[in-house]
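Since every read-out is calculated from the coordinates, none of them should be taken as a lab result. All figures in this text were calculated on a predicted structure; none of them were measured in a lab. Cβ: placed from backbone, ideal geometry, glycine included. Neighbour counts: every protein chain shown.
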Amino acid sequence: MDLESSKPPSAGAARPSKKSKGDSAPLSPAALGLRIRALRKSKQLTVEALGELVGVHKTHLSRIERGLKAPSLTMISKLANALGCGIGHLVGEVIHEEAIVVSRGEELHPRFMADEQHQFAALLQDARSSSFGAFILYPGTSDGPIQAQHEGHELLYVLTGSVDIHFQDRVERLRAGDCIHFPGYLTHRIVRVGRAKASALLVMSAT
């Protein structure tokens, strides 16, 4: 054993500091750029509009969002002010309370749709973003004329039972574990197969 290396460090020697659980590494330029872009889009601002608010050309701001250029502290302060958030939130040190939305199981109350056959429970009842909606769907067996058609896209993941999705030229049968994705402009109808109850996770995007 090396006795010299086993000696305790002198009083003046530097010791490595222990990182507390609350510490977090600073965001990389790429991660910071993604956060700026997400906040900008949540405010429905274009790159050009945000650039005007902080006094830089859209090309400069675009490079920041793509992680090609690290913003100065002054620029971070201007961006935080323009985006209506604190500097800590922008650089990832603070999470706004409304950024995380939790829906408890006891808060989910299935409601009947207009046809009184299908039921659904909204998973994001208190969500502050309208970019997508998430539901638990309990399809009925109705084969009536009600057919959905909407903007954006739709994703359906079958949790239990089996369902048929009727399109204009075909019928897709899905069983538990199956998933389907399609643009909302396609006319479609979702119905349960057989007597056994069926349920599915339904996610609909606004664009």
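Sequence-distant or interchain residues sharing an amide H contact under 5 Å with PHE132, placed H: which?
Answer set, sorted by chain and number: ALA206.
At THR141 and PHE182, where each label point lies 7 Å from the Cα along Cα→Cβ, what is the point-to-point distance in nanometres?
Roughly 2.3 nm, to one decimal.
Could you give the Stokes-Einstein D for the stretch 29-99 in µm² per second, using the C-alpha Kirkwood radius, 20 °C, 1.002 mPa s?
Calculated translational D: 181 µm²/s.
Given a Förster distance of 41 angstrom, what is the FRET efficiency for ASP169 paired with LEU124, based on the Cβ-Cβ distance and rounded to 0.05?
With R0 = 41 Å, the Cβ-Cβ based efficiency is 0.80.
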